[in-house]
Amino acid sequence: LYINLLLFLVSISDSINCNTPLKLQRANMKKLYASISNENFSRCKQESNYKRLVFCLSWLHSVLLERHKFKCLGFNKPYDFNDSDFWICHDLLVVLLDTYPETTPFKALKYLIGEANYGGRVTDEWDRKLLSVYMTSFFCQDVLDTEKFVLSDSKYYIIPPDGDLASYKSFITQLPSIDDPAAFGQHPNAEIASQTEEANSLLQCISSLKPDLSAVGGESQESIVVAILTKLNEIPELLSEEQVQKYIEKTSDPSAIRTFLLQEIQRYNHLLSIITKTKNAVEKAVKGFIVMSPQLEHIIFKLKSFKVPEEWSQIYPSLKPLDSWIRDLGERVNQIRSWICNGSPPIIWLSGFTFPSGFLTSVLQTTARERGSAIDSLSWEFHTMENDLDFKDKPRNYGNGIYVSGLVLEGARWDSTNDHLTEPFPMKLQSKMPVIHFKPTEMKQRNPQELYECPLYTYPVRSGTFQHPSFVMSVNLNKGQMSCDHWTKRGVALLLSTGE
């Protein structure tokens, strides 16, 4: 029966694929140009400008469709772009070129195409920024003035010389049969990451179809569950009321920091109590003392699959497997316990909070009270620190900022020697950031050419959920030798937690 089910799934896969969008830049552009008639291709009065800009438009459309394959490095959220978007923009292009024969209205084109039409589907702020970068790259005067204008970092993707419709179709058929990640402004690591994620999803799907044979010639169902429950003993105990009361009486932390920490204690204690209650219920159900409810069966299935039950993920989101999640939870609770027993640590592990943006806000609030200024007038400066710096000798003063550890850079690597962003190592999808000094400062105008505005997310799912938004803040990093647009196309971001 199991084999027959797999054969059935394989047999219907072809029919499913027939209804999915085309893959590869060449296939998408070939489809678009096949739908353009000779009459439409020659109806614009600015013939040369039209041919180049419509090629850019078709390229943009294909890039937006195919960028989804890079998962979170492509777009934060999925968007349903379709051919009607292309044709609406195509007609807008013809109208604007005919209306303004003297000068090409790039500003109007960028707004109507990038903001109103394609941008109308894009709801994430950082995805809109990426779309704006593409529009600036593809709709500019250089496209009209430069022969064989390069559309990407790959040498194969250029605007062909002016010609008839057949010449453009012929050029498209000569494009690479396999898309280079550079065609989208991506690093080869991005393709590795997306393929790894797809492979893991396929393996999980196949594993879920496999029948449960654990009791056949091996360990019994009960022994497996007992082994898992033993693993749960590694989860730390609750933070005692006595410890919390001593902290309240003796702490020198400002009121905003103290309030935040007490809220964190309440949330972690609530999570630990849920885990303890679930563990006791599973133990009783396995021994036959209580009825095995569907909810308990689902929890046991999750634990046997080394996954975190949904009931335990309500406090903070995570993609970690069960073993890593238990270790991570222990480190989180230990940081809080050390804080209330020994005082504020010199380096804050920001990943250990369930509500990291709340902690950053409390630091700004403390600084605003010390300086007698409005909290809205403050922003952050960011300075990466040397690895050999002795933080223990630095007195705690929240007005001077905090030292933050635990941040992970995705899509790029930090060059500690030169103190700027650089390309990642091959096969190295993520890299650790050094300790960063988050320093409150008066809000002022910055030079966007020098710093890359890097988004910071709590975990790899950048879109987050309604209950747990993933975005925390933006961190300004030295862009190095590359432009900010380069890192935007790369999808470079900081993470507080990974899936490992």
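For the range 215-312, the number of Lys pairs separated by eight or more positions or lying on different chains, with C-alpha atoms closer than 28 Å, is 22. Its residues counted as N, the range 401-500 yields a C-alpha radius of gyration over 2.2 N^0.38 Å of 1.07.
The range 330-370 and the range 256-313 have Cα centres lying 25 Å from one another. Where does the Debye-calculated log10 I(q)/I(0) of the range 30-71 sit at q = 0.16, 0.30, 0.34 Å⁻¹, using only Cα point scatterers of equal weight, no solvent? After summing over all Cα pairs, the log10 values are -0.48, -1.07, -1.17. Across the chain, counting alpha-carbon atoms alone, Rg and Dmax equal 27.4, 85 Å.
All alpha carbon pair distances within the range 116-209 were sorted into 5 Å bins beginning at 0; the resulting P(r) in whole percents reads 2, 10, 13, 15, 17, 16, 12, 7, 4, 2, 1, 0.
Dividing the summed helix terms, -39500 (n - 2.57) for each DSSP H run of n ≥ 4, by the number of residues in the chain produces a 222 nm estimate of -15000 deg cm²/dmol to the nearest 500. Here the label points at T384 and N334, each 7 Å from Cα along the C-beta direction, are separated by 2.7 nm in the simple model.
Extending 7 Å from the Cα toward the beta-carbon at both R128 and K284 defines two label points whose distance is 5.2 nm.
Centroid-to-centroid, using Cα positions, the range 62-121 and the range 419-442 are 33 Å apart. Of K428, K51, the order by accessible heavy-atom surface (1.4 Å probe, DNA, RNA and ligands excluded), from most exposed downward, is K428, K51.
Among the protein heavy atoms, those of H486 account for about 30 Å² of accessible surface (1.4 Å probe, every chain in place). Structural descriptor for the chain: relative contact order 14 percent, calculated from alpha carbon pairs under 8 angstrom and at least 6 residues apart. Considering only Cα atoms, the convex hull volume of the range 47-153 works out to 96 Å³ per residue.
Candidate cross-link partners of K479 among the aspartates and glutamates, defined by an alpha-carbon separation under 17 Å and a same-chain spacing of 8 or more, comprise E381, E410, D415, D419, E423, E450, E453. Under a model in which nothing but the beta-carbon of Lys, Arg (+1) and Asp, Glu (-1) is charged, the chain shows a dipole of about 520 debye around its Cα centre. Per residue, the convex hull spanned by the alpha carbons of the range 287-343 comes to 122 Å³.
Applying 0.36 nm per residue to the separation of K250 and D91 and subtracting their alpha-carbon distance, the gain on full extension is 50.2 nm.
The values are calculated or read from the model by the stated rules, or taken from the named source; none is laboratory data. All values reported here derive from a predicted model rather than from experimental measurement. As a convention, Cβ positions derive from the backbone with ideal geometry for all residues, glycine included, and neighbour counts pool all protein chains shown. These accessible areas exclude ligands, DNA and RNA; they are computed on the full protein's heavy atoms, side chains included. Shrake-Rupley method; radii C 1.70, N 1.55, O 1.52, S 1.80 Å.
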